Amino acid sequence: MSPRPGRPADVQQRDPVVAIGDETLRVYPGQVAHTTLTVTNVVDQVEGYTIDACKGPARHWCEITPQHVELLPGKQTTAKISFHPPMSPRPPAGDFPVGLLVVSTVDDARRAVVECDVTVEAVHGLDAQLLAVTGRGSRRGRYRIDLANTGTAPVSVKLTPQQQDEPSLSFALQPKELEIPAGETASGYLLVRPVRPTLLGRQESLPFSIGYASADPNGDHDPPVPESDAASLSGRMDGVFLRRPVIPRGITAIVLLLAILVVAAFAAARLLIPHPEPIALQQVVPPTPTLGAVQQTPEGITITWRQV
(Lines give C-alpha, C1' and ligand atoms only; values in the text may rest on other atoms or scores of the structure.)
Protein backbone atom coordinates (compact mmCIF):
# COMPACT_ATOMS: atom_id res chain seq x y z
CA MET A 1 0.00 0.00 0.00
CA SER A 2 1.31 3.42 -0.92
CA PRO A 3 2.19 5.74 1.98
CA ARG A 4 -0.47 8.18 3.08
CA PRO A 5 0.98 11.67 3.51
CA GLY A 6 0.35 13.53 6.72
CA ARG A 7 0.12 17.27 6.97
CA PRO A 8 1.80 18.83 3.88
CA ALA A 9 5.05 20.64 4.34
CA ASP A 10 4.64 24.37 4.80
CA VAL A 11 7.55 26.52 3.64
CA GLN A 12 6.89 29.17 6.27
CA GLN A 13 6.23 26.82 9.15
CA ARG A 14 8.83 24.38 7.81
CA ASP A 15 6.98 21.36 9.24
CA PRO A 16 8.36 17.87 8.66
CA VAL A 17 6.73 15.66 6.02
CA VAL A 18 5.46 12.35 7.44
CA ALA A 19 3.85 9.35 5.75
CA ILE A 20 2.61 6.05 7.18
CA GLY A 21 3.03 2.77 5.39
CA ASP A 22 -0.41 1.25 6.22
CA GLU A 23 -3.62 3.11 6.88
CA THR A 24 -5.28 0.09 8.53
CA LEU A 25 -3.86 -2.74 10.59
CA ARG A 26 -5.50 -5.92 11.95
CA VAL A 27 -4.19 -7.80 14.96
CA TYR A 28 -5.27 -10.23 17.68
CA PRO A 29 -4.67 -9.52 21.37
CA GLY A 30 -1.32 -10.95 22.37
CA GLN A 31 0.01 -10.63 18.81
CA VAL A 32 1.88 -7.82 17.05
CA ALA A 33 1.07 -5.74 13.95
CA HIS A 34 3.78 -3.67 12.27
CA THR A 35 3.88 -0.69 9.96
CA THR A 36 6.36 2.08 9.13
CA LEU A 37 6.50 5.85 9.47
CA THR A 38 8.64 7.91 7.09
CA VAL A 39 9.90 11.34 8.25
CA THR A 40 11.46 13.89 5.83
CA ASN A 41 13.44 16.98 6.87
CA VAL A 42 12.43 19.83 4.52
CA VAL A 43 14.44 22.61 6.17
CA ASP A 44 18.00 23.68 5.27
CA GLN A 45 19.51 22.67 8.62
CA VAL A 46 20.01 19.54 10.66
CA GLU A 47 16.84 18.68 12.53
CA GLY A 48 16.01 16.30 15.32
CA TYR A 49 12.51 14.84 15.67
CA THR A 50 10.65 12.90 18.35
CA ILE A 51 7.89 10.48 17.37
CA ASP A 52 5.01 9.70 19.76
CA ALA A 53 1.59 8.07 19.63
CA CYS A 54 -0.87 10.77 20.66
CA LYS A 55 -4.45 9.64 20.18
CA GLY A 56 -6.77 6.83 21.33
CA PRO A 57 -6.31 3.75 23.50
CA ALA A 58 -4.01 2.19 20.93
CA ARG A 59 -1.28 4.63 21.95
CA HIS A 60 -0.80 2.52 25.09
CA TRP A 61 0.12 -0.55 23.00
CA CYS A 62 2.28 1.33 20.49
CA GLU A 63 6.05 0.88 20.30
CA ILE A 64 8.14 3.18 18.09
CA THR A 65 11.69 2.34 17.05
CA PRO A 66 13.57 4.65 17.01
CA GLN A 67 11.58 7.27 18.90
CA HIS A 68 14.15 10.04 18.17
CA VAL A 69 15.80 10.71 14.81
CA GLU A 70 18.37 13.22 13.47
CA LEU A 71 18.12 14.23 9.82
CA LEU A 72 20.29 16.28 7.47
CA PRO A 73 18.56 18.84 5.25
CA GLY A 74 16.41 17.14 2.59
CA LYS A 75 16.95 13.65 4.05
CA GLN A 76 14.39 11.14 5.33
CA THR A 77 14.33 8.12 7.61
CA THR A 78 11.89 5.36 8.49
CA ALA A 79 10.74 4.35 11.96
CA LYS A 80 9.16 1.02 12.81
CA ILE A 81 5.72 1.22 14.42
CA SER A 82 4.43 -1.85 16.34
CA PHE A 83 1.04 -2.39 17.98
CA HIS A 84 0.77 -5.08 20.67
CA PRO A 85 -2.75 -5.17 22.23
CA PRO A 86 -2.70 -6.97 25.58
CA MET A 87 -4.46 -10.22 26.50
CA SER A 88 -5.16 -9.19 30.10
CA PRO A 89 -6.75 -8.03 32.24
CA ARG A 90 -9.38 -7.41 29.55
CA PRO A 91 -8.38 -7.71 25.89
CA PRO A 92 -9.68 -4.91 23.66
CA ALA A 93 -11.77 -5.52 20.55
CA GLY A 94 -12.88 -3.26 17.70
CA ASP A 95 -11.46 -0.38 15.69
CA PHE A 96 -9.03 2.05 17.34
CA PRO A 97 -7.75 5.13 15.48
CA VAL A 98 -4.30 6.28 16.57
CA GLY A 99 -2.35 9.42 15.81
CA LEU A 100 1.44 9.58 15.37
CA LEU A 101 2.92 12.95 16.22
CA VAL A 102 6.33 14.11 14.88
CA VAL A 103 7.77 17.21 16.68
CA SER A 104 10.99 19.07 15.98
CA THR A 105 13.47 19.21 18.86
CA VAL A 106 14.77 22.54 17.55
CA ASP A 107 11.41 24.29 17.36
CA ASP A 108 8.39 22.43 18.77
CA ALA A 109 6.10 24.60 16.63
CA ARG A 110 7.30 22.57 13.67
CA ARG A 111 5.26 19.37 13.86
CA ALA A 112 3.09 17.01 11.81
CA VAL A 113 0.49 14.31 12.62
CA VAL A 114 -0.54 11.24 10.67
CA GLU A 115 -3.27 8.73 11.59
CA CYS A 116 -3.99 5.06 11.06
CA ASP A 117 -6.67 2.61 12.23
CA VAL A 118 -5.87 -0.48 14.29
CA THR A 119 -8.53 -3.22 14.27
CA VAL A 120 -8.21 -5.61 17.18
CA GLU A 121 -9.87 -8.89 16.28
CA ALA A 122 -12.19 -10.64 18.69
CA VAL A 123 -10.82 -13.29 21.03
CA HIS A 124 -12.85 -16.49 21.41
CA GLY A 125 -12.89 -18.65 24.52
CA LEU A 126 -15.24 -20.76 26.64
CA ASP A 127 -15.04 -22.19 30.15
CA ALA A 128 -17.46 -25.13 30.52
CA GLN A 129 -18.66 -26.85 33.71
CA LEU A 130 -21.13 -29.68 34.34
CA LEU A 131 -22.50 -29.45 37.88
CA ALA A 132 -24.63 -32.14 39.56
CA VAL A 133 -27.69 -30.78 41.35
CA THR A 134 -28.93 -34.29 42.23
CA GLY A 135 -26.57 -36.78 40.64
CA ARG A 136 -28.05 -39.95 42.13
CA GLY A 137 -31.47 -41.53 42.44
CA SER A 138 -33.72 -44.37 41.34
CA ARG A 139 -35.70 -42.45 38.71
CA ARG A 140 -33.99 -39.15 37.77
CA GLY A 141 -31.00 -36.85 38.19
CA ARG A 142 -30.62 -33.11 37.61
CA TYR A 143 -27.57 -31.22 36.35
CA ARG A 144 -26.62 -27.63 35.46
CA ILE A 145 -24.32 -26.67 32.58
CA ASP A 146 -22.42 -23.39 32.98
CA LEU A 147 -20.69 -21.83 29.96
CA ALA A 148 -18.59 -18.69 30.53
CA ASN A 149 -17.64 -16.64 27.46
CA THR A 150 -14.07 -15.53 28.20
CA GLY A 151 -13.69 -13.93 24.77
CA THR A 152 -14.45 -10.47 23.44
CA ALA A 153 -17.25 -11.40 21.03
CA PRO A 154 -20.67 -13.05 21.46
CA VAL A 155 -20.81 -16.77 20.76
CA SER A 156 -23.61 -19.25 20.06
CA VAL A 157 -23.07 -22.70 21.57
CA LYS A 158 -25.00 -25.92 20.87
CA LEU A 159 -25.26 -28.62 23.53
CA THR A 160 -25.58 -32.34 22.76
CA PRO A 161 -26.00 -35.20 25.32
CA GLN A 162 -23.93 -38.27 24.46
CA GLN A 163 -23.39 -41.88 25.58
CA GLN A 164 -20.59 -44.03 24.24
CA ASP A 165 -22.03 -47.45 25.17
CA GLU A 166 -25.53 -48.86 24.78
CA PRO A 167 -27.99 -46.12 25.79
CA SER A 168 -28.97 -46.58 29.42
CA LEU A 169 -30.17 -43.02 30.01
CA SER A 170 -32.68 -40.65 28.44
CA PHE A 171 -32.05 -36.90 28.42
CA ALA A 172 -34.16 -33.74 28.54
CA LEU A 173 -32.05 -30.61 27.90
CA GLN A 174 -33.18 -26.99 27.95
CA PRO A 175 -32.12 -24.92 26.14
CA LYS A 176 -30.22 -26.84 23.49
CA GLU A 177 -28.49 -23.69 22.20
CA LEU A 178 -27.09 -20.82 24.26
CA GLU A 179 -26.37 -17.26 23.13
CA ILE A 180 -23.60 -15.92 25.38
CA PRO A 181 -22.52 -12.25 25.28
CA ALA A 182 -18.83 -11.43 25.70
CA GLY A 183 -17.67 -11.71 29.28
CA GLU A 184 -20.91 -13.30 30.55
CA THR A 185 -22.09 -16.76 31.65
CA ALA A 186 -25.14 -18.71 30.49
CA SER A 187 -26.61 -21.93 31.89
CA GLY A 188 -28.48 -24.96 30.56
CA TYR A 189 -30.40 -27.53 32.58
CA LEU A 190 -30.31 -31.30 32.09
CA LEU A 191 -32.72 -33.96 33.36
CA VAL A 192 -31.42 -37.55 33.26
CA ARG A 193 -33.64 -40.66 33.55
CA PRO A 194 -32.55 -44.32 33.55
CA VAL A 195 -34.09 -46.28 30.68
CA ARG A 196 -34.60 -49.35 32.91
CA PRO A 197 -34.98 -48.63 36.64
CA THR A 198 -33.93 -51.50 38.92
CA LEU A 199 -36.18 -52.78 41.73
CA LEU A 200 -33.48 -54.42 43.84
CA GLY A 201 -29.71 -54.62 43.75
CA ARG A 202 -26.71 -52.38 44.15
CA GLN A 203 -26.06 -48.79 43.14
CA GLU A 204 -24.72 -48.53 39.57
CA SER A 205 -22.68 -45.79 37.83
CA LEU A 206 -23.98 -44.75 34.39
CA PRO A 207 -21.51 -42.43 32.58
CA PHE A 208 -22.55 -39.83 30.02
CA SER A 209 -21.18 -36.63 28.49
CA ILE A 210 -22.37 -33.27 27.16
CA GLY A 211 -20.76 -32.06 23.95
CA TYR A 212 -20.61 -28.35 23.16
CA ALA A 213 -19.64 -26.61 19.94
CA SER A 214 -20.07 -23.26 18.22
CA ALA A 215 -20.13 -22.19 14.59
CA ASP A 216 -16.77 -21.90 12.84
CA PRO A 217 -15.33 -18.64 14.19
CA ASN A 218 -12.92 -18.20 11.25
CA GLY A 219 -15.45 -17.06 8.67
CA ASP A 220 -13.81 -14.45 6.46
CA HIS A 221 -11.49 -13.17 9.16
CA ASP A 222 -8.06 -11.99 8.18
CA PRO A 223 -5.88 -12.89 10.01
CA PRO A 224 -7.48 -16.26 10.82
CA VAL A 225 -8.58 -17.11 14.34
CA PRO A 226 -5.73 -18.72 16.31
CA GLU A 227 -6.06 -22.48 16.68
CA SER A 228 -6.07 -22.19 20.46
CA ASP A 229 -9.16 -19.94 20.26
CA ALA A 230 -10.96 -22.22 17.83
CA ALA A 231 -10.23 -25.29 19.96
CA SER A 232 -11.66 -23.67 23.08
CA LEU A 233 -15.07 -23.26 21.42
CA SER A 234 -15.79 -26.99 21.37
CA GLY A 235 -15.31 -29.84 23.76
CA ARG A 236 -16.97 -32.36 26.04
CA MET A 237 -18.01 -32.41 29.69
CA ASP A 238 -18.11 -35.84 31.36
CA GLY A 239 -20.64 -36.74 34.03
CA VAL A 240 -22.03 -39.78 35.82
CA PHE A 241 -25.47 -40.69 37.13
CA LEU A 242 -25.60 -43.04 40.13
CA ARG A 243 -28.65 -45.25 39.62
CA ARG A 244 -30.05 -46.54 42.88
CA PRO A 245 -32.52 -49.44 43.14
CA VAL A 246 -36.15 -48.51 43.71
CA ILE A 247 -36.04 -50.52 46.95
CA PRO A 248 -32.70 -49.69 48.61
CA ARG A 249 -30.56 -52.43 50.11
CA GLY A 250 -31.07 -51.04 53.59
CA ILE A 251 -34.86 -51.32 53.36
CA THR A 252 -34.58 -54.81 51.88
CA ALA A 253 -32.41 -55.93 54.80
CA ILE A 254 -34.83 -54.39 57.31
CA VAL A 255 -37.84 -56.13 55.72
CA LEU A 256 -36.01 -59.48 55.71
CA LEU A 257 -35.00 -59.04 59.34
CA LEU A 258 -38.57 -58.21 60.35
CA ALA A 259 -39.84 -61.30 58.54
CA ILE A 260 -37.30 -63.46 60.41
CA LEU A 261 -38.33 -61.88 63.72
CA VAL A 262 -42.03 -62.52 63.03
CA VAL A 263 -41.38 -66.17 62.21
CA ALA A 264 -39.19 -66.57 65.29
CA ALA A 265 -41.80 -64.91 67.51
CA PHE A 266 -44.52 -67.18 66.18
CA ALA A 267 -42.39 -70.27 66.77
CA ALA A 268 -41.53 -69.12 70.31
CA ALA A 269 -45.18 -68.49 71.05
CA ARG A 270 -46.05 -72.02 69.98
CA LEU A 271 -43.45 -73.37 72.35
CA LEU A 272 -44.30 -71.18 75.36
CA ILE A 273 -48.13 -71.35 75.37
CA PRO A 274 -49.24 -74.36 77.63
CA HIS A 275 -51.48 -77.00 76.01
CA PRO A 276 -54.51 -78.53 78.00
CA GLU A 277 -54.34 -82.19 78.98
CA PRO A 278 -56.62 -84.49 76.96
CA ILE A 279 -59.85 -85.54 78.77
CA ALA A 280 -60.06 -89.30 79.34
CA LEU A 281 -63.37 -90.77 78.24
CA GLN A 282 -64.99 -93.28 80.67
CA GLN A 283 -66.44 -96.45 79.21
CA VAL A 284 -70.18 -96.60 80.00
CA VAL A 285 -71.92 -99.98 79.80
CA PRO A 286 -75.64 -99.72 79.15
CA PRO A 287 -77.91 -101.67 81.56
CA THR A 288 -79.39 -105.00 80.49
CA PRO A 289 -83.07 -104.67 79.52
CA THR A 290 -85.69 -106.81 81.48
CA LEU A 291 -88.59 -108.56 79.79
CA GLY A 292 -91.91 -107.39 81.16
CA ALA A 293 -94.72 -109.36 79.47
CA VAL A 294 -95.60 -111.31 76.34
CA GLN A 295 -99.19 -111.25 74.98
CA GLN A 296 -100.85 -113.12 72.16
CA THR A 297 -103.00 -110.89 69.96
CA PRO A 298 -104.89 -111.53 66.73
CA GLU A 299 -102.38 -109.41 64.92
CA GLY A 300 -99.43 -111.18 66.44
CA ILE A 301 -97.31 -111.26 69.61
CA THR A 302 -96.72 -108.13 71.76
CA ILE A 303 -93.58 -107.99 73.91
CA THR A 304 -93.25 -105.42 76.68
CA TRP A 305 -89.89 -104.52 78.29
CA ARG A 306 -89.50 -103.08 81.75
CA GLN A 307 -88.05 -99.52 82.02
CA VAL A 308 -84.46 -99.42 83.23
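Can you send over the carbon and sulfur percentage of the accessible area for region 132-211, probe radius 1.4 Å, protein chains only?
After summing per-atom areas, the C and S share lands at 48 percent.
So who's got an amide H within less than 5 Å of the one on CYS54, skipping anything under 5 residues away but keeping other chains? H placed 1.01 Å off N, in plane.
Result for CYS54 returns GLY99, LEU100, LEU101.
Residue by residue through region 66-83, which ³J(HN,Hα) values in whole Hz follow from phi under the Karplus form 6.51 cos²θ - 1.76 cosθ + 1.60 (θ = phi - 60°), with glycine and proline marked x?
Computed from phi, the couplings for region 66-83 are x, 8, 9, 10, 10, 10, 6, x, x, 9, 9, 9, 10, 9, 8, 10, 10, 10 Hz.
Can you list residues from other chains, or at least 5 along the same chain, whose modelled amide H is less than 5 Å from the amide H of PHE208?
Those lying under 5 Å, H to H, from PHE208 are GLY239, VAL240, PHE241.
Convert each backbone phi in region 106-115 into a coupling constant with the Karplus relation 6.51 cos²θ - 1.76 cosθ + 1.60 (shift: θ = phi - 60°), then list the ³J(HN,Hα) values in order as whole Hz, x for Gly and Pro.
7, 9, 5, 6, 8, 8, 8, 10, 9, 10
For GLY201, enumerate residues with amide H under 5 Å from its amide H, sequence gap 5+ or separate chain, H modeled in the peptide plane.
none
Setting aside same-chain residues fewer than 8 positions from LYS158, which lysines have a Cα under 20 Å from its Cα?
In chain and number order, the partners are LYS176.
Under a cut-off of 30 Å between alpha-carbon atoms, report the lysines in cross-link reach of LYS80, not counting same-chain residues fewer than 8 places apart.
Once the sequence-local lysines are set aside, what remains near LYS80 is LYS55.
The values are calculated or read from the model by the stated rules, or taken from the named source; none is laboratory data. Model, not experiment: these values are computed from the prediction. In case anyone asks, the SASA skips ligands and DNA or RNA and just uses the protein heavy atoms, side chains included. Shrake-Rupley method; radii C 1.70, N 1.55, O 1.52, S 1.80 Å.
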